[in-house]
Amino acid sequence: MKFKSRKKEQLFWGYLFLAFPLLLLSIFVFFPIGFAFVVSFYDWNLLIPDKPFVGLGNYFELFKDPVFIKAIKNTIIYTIGVVPVQTLLSLFLAFIMNQKIRGRAFFRTAFYIPAITSSVVTSIIFVWIYSKPGLLNYGLNALGVDSNIDWLTNPVTVLPSIMILNVWTTSGYFMVSFLAGLQNIPASLYEAAKIDGANQWQQFWKITVPMVRPVTYFVVIMSLIGCFQVFDQIFIMSSGGPDNASTTMSYFVYQNSFKYFRFGFGAASAAVLALLIFATTLIQKKYFPPDVY
Amino acid sequence: MATIAVKDLEKVFPGAESATIKNANLNIKDKEFIVLVGPSGCGKSTLLRMIAGLEEISDGELQINGERMNELSPKDRDIAMVFQNYALYPHMTVFDNMAFGLKLRKTPKDEIKQKVEHAAKVLGITHLLDRRPKDMSGGQRQRVAIGRSIVRNPKVFLFDEPLSNLDAKLRVQMRAEIKKLHRQLDATIVYVTHDQIEAMTMGDRIVVLKDGIVQQFDTPMNLFNNPQNKFVAGFIGSPSMNFLPGKVIQKEEATFKSKSLEFAIPKDLRPGLKPYIGKEVFFGFRPEYIYDKQFEKSKRLSENMEIVVDSVEPIGSETFVYFHFIGNPEHSFCFRSDSQFSYGIGSEICIGVDIERLRFFDKETEKRIM
């Protein structure tokens with residue numbers, strides 16, 4: 001009897017502590033998500049008082065819209081380009097940072113700084129770097145490569161340019177996650193591998209990579225979601241242009257909702273984006289589970 | 001087919017005040033089972049890891065089969081090592097764990113399979129080949145770790161406290177199995193342990209280390225009977241040797257004198273102790289060689305020593321009796337008595353030490369005099 005009442009008391013306090021954050025989340029996250037989903041079934045325009053129910057009309061329109069198709073394509077290209085490079089690069093950086101090298105603290109900080117710098121600031125810096133008289137063209141010319149293009153207004157180079165910026169800003173962040181994972185690998189495994197005859201490269205592929213798999217799982221998921229939602233760099237650096245060459249799905253959502261005030265249409269595209277993220281994560285979970293040894 | 005020669009080997013860790021290994025010299029014969037033993041921090045693992053190539057050699061030379069090894073990486077030394085925590089690759093099956101070294105050496109697939117299966121059979125782990133390390137018990141993991149080392153058929157096996165994570169019963173069993181394996185493999189083994197019983201039971205010869213210095217390199221029985229210094233005498237044997245500080249003085253004959261105990265030094269020992277007359281020494285005597293004068297009549301025993309029993313620990317086959325000499329309760333000693341005799345706490349008895357087994361150590365250098 002006494003035990004039961006104590007359990008009840010624990011439950012009470014547990015829920016009490018949960019109540020406040022839950023309330024905040026409900027107001028600012030859960031309700032808006034649900035509401036956006038509802039809105040996506042209406043022709044909801046901020047400038048027009050009449051908001052007729054259109055069912056799946058917005059969704060049909062989306063898939064007939066060449067800009068949206070392009071946005072999906074860009075987002076997928078962006079994700080496929082960024083996620084593997086970012087994951088491998090951050091793992092590689094972490095592997096190096098985990099060795100006993102000179103100036104380790106300096107390099108760790110140097111690689112991590114982009115992650116804590118405002119994305120607006122880094123984007124503006126890269127706007128200058130990528131501009132016609134910018135650092136990139138200057139450097140290329142100094143190396144003897146004749147280059148005179150404006151990287152962010154060229155439809156071929158705009159997306160890769162932003163992808164490179166993204167890799168640079170987030171690799172340091174994920175490096176820290178990998179570092180934590182690496183430090184959990186017992187040193188004796190590397191020693192055993194050395195005696196078994198593994199060189200540095202083999203130790204990396206046969207010991208390090210499989211042993212940090214749980215971290216890799218986390219990094220890939222976070223990186224995937226980040227890429228699918230990429231917005232700020234696009235907004236600042238190219239505004240989706242030229243000719244929608246760098247319009248991604250989130251930028252498309254923003255444009256339709258807050259520029260053209262077509263909330264119903266924008267909400268529908270956001271729902272498609274959410275579904276895409278959800279599906280990708282599920283697939284990853286199913287086919288590449290995070291093995292914990 | 002491997003001899004190991006350690007010549008003036010030194011290890012100084014960067015930033016360390018003193019050397020971890022000082023001037024070590026060992027000549028290990030082919031197919032010998034060598035045990036490195038010593039208290040924790042004595043450098044025994046460091047010495048092993050230097051042989052393995054996991055620690056750099058600061059000075060001196062390491063030879064395997066007469067060839068200099070100092071600059072070779074572990075994989076080129078043709079050695080295998082078993083780690084204390086097994087160091088199995090958790091993401092690989094037992095088969096892959098054992099095959100890893102062979103795969104890296106580009107051994108043909110069917111040969112790998114045959115070698116791994118053979119090793120698994122020898123160790124009785126054939127049924128575990130598909131398992132992952134986390135699904136096995138400590139003893140099974142230990143076998144896999146040994147299996148991983150034997151598949152490559154290396155010249156030298158190195159064991160770093162391989163049994164210390166196992167329970168007592170399994171430890172005794174694995175001890176016997178490793179010895180058996182040694183005979184089967186015909187290999188040179190260097191084995192590190194802090195457990196002197198493990199050392200005594202397994203080693204052909206034992207290296208006793210303390211503070212990075214080799215104290216004695218000898219057969220188990222020689223270490224026990226003829227320890228070269230007080231440390232070895234106290235470290236080898238369980239319960240360990242009793243030591244009583246005192247002085248050698250000259251009465252009618254040479255006499256050992258301490259606060260509570262005084263006895264004439266037996267004739268055969270007098271010449272050796274002559275230079276020590278008037279000097280401080282340690283009198284050492286093992287619990288095994290103490291006898292109750294009331295019952296033991298056949299052996300040549302030292303003069304009477306009067307003791308008081310402090311406590312008794314019966315372990316079945318025998319009884320450890322802890323005692324002090326009358327008049328000196330600060331120093332406690334142990335004596336190993338036949339379990340048929342029972343002693344009450346506080347009872348006073350008269351003992352003697354087998355004359356052949358009296359040992360004396362220089363107080364300053366701690367070297368054995370007799």
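The values are calculated or read from the model by the stated rules, or taken from the named source; none is laboratory data. From a predicted model like this one, the values you see are computed outputs, not experimental measurements. All Cβ positions, glycine included, derive from the backbone under ideal geometry; neighbour counts span all protein chains shown. Surface accessibility is based on the protein's heavy atoms, side chains included, excluding ligands, DNA and RNA. Shrake-Rupley method; radii C 1.70, N 1.55, O 1.52, S 1.80 Å.
Some points to look at:
- Helices (runs of 4 or more DSSP H) completely within the range A:199-279 that count 2 or more residues being open to solvent by 40 Å² or more (accessible area, probe 1.4 Å): A:200-203, A:213-228, A:232-237
- The lone criterion from (1) under 28 Å from A:Thr247 (Cα atoms); (2) out of contact with any Leu (no Cβ under 9 Å at 6 or more places or on another chain) left unmet by A:Ile72 is number (2).
- Among the residues here, B:Val309 does not qualify as in contact with a Lys or Arg (Cβ under 8 Å, 6 or more places away or on another chain) and either of a type in the set (Val, Ile, Thr) or part of a loop (DSSP other than H, G, I, E, B) (or both).
- Applying the criterion of at least 1 residues that are closer than 24 Å to B:Lys31 by Cα, hydroxyl-bearing (Ser, Thr, Tyr) and facing chain A (nearest Cβ under 9 Å) to the helices (runs of 4 or more DSSP H) found wholly in the range B:54-155 leaves B:138-150.
- Those residues of the range A:38-81 which are buried (at least 18 other Cβ atoms within 10 Å of the Cβ), modelled with pLDDT under 85 and among the aliphatic types (A, V, I, L, M), in sequence order: A:Val54, A:Leu62
- Pairs where the first residue, in the range A:182-202, is more than 8 Å from chain B (Cβ to nearest Cβ) and the second is in a loop (DSSP other than H, G, I, E, B), C-beta under 8 Å, 6+ apart: A:Leu182/A:Asn98; A:Leu182/A:Val212; A:Gln183/A:Asn98; A:Ile185/A:Val212
- Count of the range B:343-357 residues which are open to solvent by 40 Å² or more (accessible area, probe 1.4 Å) and in contact with a helix residue (DSSP H, G or I) (Cβ under 9 Å, 6 or more places away or on another chain): 2
- Lone qualifier among B:Asn222, B:Asn229 - being open to solvent by 10 Å² or more (accessible area, probe 1.4 Å) and either touching a residue at least 12 places away in the same chain (Cβ under 8 Å) or of a type in the set (Gly, Ala, Ser) (or both): B:Asn229
- Matching residues in the range B:280-304 - criterion: being small (Gly, Ala, Ser), within 12 Å of B:Val353 (Cα to Cα) and either open to solvent by 10 Å² or more (accessible area, probe 1.4 Å) or over 23 Å from the mean Cα position of the chain (by Cα) (or both): B:Ser302
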